[in-house]
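Undergrad: Input: one structure, supplied below.
The values are calculated or read from the model by the stated rules, or taken from the named source; none is laboratory data. Remember, it's a predicted structure, so these values are computed and weren't measured experimentally. For neighbour counting, all protein chains shown are included, and Cβ atoms are generated from backbone atoms with ideal geometry for every residue, glycine included.
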Amino acid sequence: MQLKWKLPLLLFIATCLTTTFFRRIDLDNDVLYRFLLSLCLSIAGAESAPQYWSGFGQQFWKAFQFSAALMFLLTCHELGHYIQSRRYRLRSSLPFFLPMPFGPFGTLGAVIAMDDEVPHTKALFDIGITGPLSGLVPTLIFLYYGIQWSYIGPRQPGGIEFGDPLLFQWTTYGLFGYIPPDMMLYHHPFAAAAWAGLLLTSLNLMPFGQLDGGHVFYALLRRRSIPVIRCFFVAALIVVTWFQLWHWSPFLILIVLIGVAHPPTANDAIPLGWFRHCIGWATLMFVLVGFSPIPLSIDEHEPLEKPVWYCLESIRSYPCCYEKKPLCSASRKNQCEHLTDFSYFNGHRHHHPIRCQRYRLSPIRLSSIQNENCSDIT
């Protein structure tokens, strides 16, 4: 009995550590390095140790926010499966989280083991769909507030660029408006966790085998789903080969290992009803707005030499931010928040000048910039 909760607990703690210290969704995640360096300096009695501990604390807080948000999303997802399986009196384990020290997120998600055969299609549908819906609700909340707390800055060649799905793009445009090509959105940790949640949910809703999407798709079409799924899989192979999306090869190999088609339930004759059919098809369609064919890439975009809102000869922010005057006419708050973060642009060190709640390029006017040292702004 103890092993039934000890192993899931150990895996949960291990996954919390890997999502905090080993995630590679951003290249500046050096939390583990900063911790070890600060510890060594403290043991050696170096005077600079407090400074390094301060830097570690800032990086750790950022990593902790990402880890806490992502683990909360995954826990909600798996608890949805667990509660529904207990509701149908199926013997199931607690969620087994899968730590991944060398992945972009630090985890491969989580799974639940069920010993009993699913009694009918209605139970299969409820167990399969409750997980994605339970995780999707907090994902959308983190998505909204995470993007709202993000900021716009110049592109950094060689940095990580997110392949944003449609839902992420729509939310970004709704909160910030048009973002010029030489700028990009720097994600708050909650936004990065929501982005990861959208990707993992979309992959899980693919209608293959033992994935949640496979459960839902089989419950909707029953045995008629088998030839359709095989056609989908062949189409996926063609798309990956034609567009050279080789990063999806491990996912396709995993689908082959667990089975492309879904096995039958004990009773496939139980009808679902029109409400479950509507919810099922709508949930499967989420893949269209939550999936990104190229999730991560290296940004090779060359930024413009002099964006209109940056001064290359001064690191002082625009006076409007000090005077609490709005630089953005579309802002829903009557102030711009001054940031203490720095960005490096063409070898110069700069403050991020503005962080408006709703940003658009068109309201920016050079006449509102009163910094005399920025006379060379074009």
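Undergrad: Scanning for something surrounded by fewer than 19 Cβ atoms within 10 Å (Cβ to Cβ), under 30 Å from G128 (Cβ atoms) and touching a helix residue (DSSP H, G or I) at 6+ places or on another chain (Cβ under 7 Å), does region 61-75 turn up at least one residue?
TA: Yes, that holds for at least one residue.
Undergrad: Every residue in region 147-159 that is surrounded by fewer than 18 Cβ atoms within 10 Å (Cβ to Cβ), touching a His at 6+ places or on another chain (Cβ under 9 Å) and modelled with pLDDT under 90, please.
TA: P157
Undergrad: Turning to a different aspect of this structure: Quick one: would you say Y144 is surrounded by fewer than 24 Cβ atoms within 10 Å (Cβ to Cβ) and in a helix (DSSP H, G or I)? So that I can check it myself, show each step before the final result.
TA: Values: surrounded by fewer than 24 Cβ atoms within 10 Å (Cβ to Cβ): yes; in a helix (DSSP H, G or I): yes.
Answer is yes for this residue.
Undergrad: Additional query: Check off (1) within 27 Å of the chain's Cα centre (by Cα); (2) assigned to a helix (DSSP H, G or I) for Q244 and give me the number that stays unchecked.
TA: Result: Q244 fails condition (2) only.
Undergrad: Same structure, new question: With assigned to a loop (DSSP other than H, G, I, E, B), assigned by TED's automatic domain parsing to the domain that holds C278 and at pLDDT 85 or above as the only criterion, which of P119, P132, P138 stands out?
TA: Values: P132 fails: assigned to a loop (DSSP other than H, G, I, E, B); P138 fails: assigned to a loop (DSSP other than H, G, I, E, B).
The conditions single out P119.
Undergrad: Kindly indicate which of F97, F105, F125 is in the same structural domain as G290 (by TED's automatic domain parsing), surrounded by 16 or more Cβ atoms within 10 Å (Cβ to Cβ) and within 18 Å of A191 (Cα to Cα).
TA: F105
Undergrad: Still on this structure, please answer the following. Across region 258-299, which residue is nearest to V240 (Cα to Cα) among those that are in a loop (DSSP other than H, G, I, E, B) and of a type in the set (A, V, I, L, M)?
TA: I294
Undergrad: Let me ask something else about it. Any residue in region 242-249 that is among the hydroxyl-bearing types (S, T, Y) and either in contact with a strand residue (DSSP E or B) (Cβ under 7 Å, 6 or more places away or on another chain) or outside the structural domain of S85 (by TED's automatic domain parsing) (or both)?
TA: no
Undergrad: Let me ask something else. Quickly run through region 177-206 and pick out the residues that are buried (at least 23 other Cβ atoms within 10 Å of the Cβ) and in a helix (DSSP H, G or I).
TA: P189, F190, A191, A192, A193, A194, W195, A196, G197, L198, L200, T201
Undergrad: Does region 17-34 contain at least one residue that is within 21 Å of the chain's Cα centre (by Cα), of a type in the set (D, E) and at pLDDT 85 or above?
TA: No, there is no match, as no residue in region 17-34 is within 21 Å of the chain's Cα centre (by Cα), of a type in the set (D, E) and at pLDDT 85 or above.
Per-residue answers, yes or no, for (1) within 19 Å of H81 (Cβ to Cβ); (2) touching a residue at least 60 places away in the same chain (Cβ under 8 Å):
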residue	(1), (2)
V118	yes, yes
L124	yes, yes
I129	yes, yes
R155	no, yes
G174	no, no
D182	no, yes
P189	no, yes
G197	yes, yes
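Undergrad: Taking the condition of being under 24 Å from K62 (Cβ atoms) and buried (at least 21 other Cβ atoms within 10 Å of the Cβ), how many residues in region 128-141 meet it?
TA: 2
Undergrad: Those residues that are touching a helix residue (DSSP H, G or I) at 6+ places or on another chain (Cβ under 9 Å) and touching a residue at least 24 places away in the same chain (Cβ under 8 Å), I need them from region 236-246; list them, please.
TA: L245
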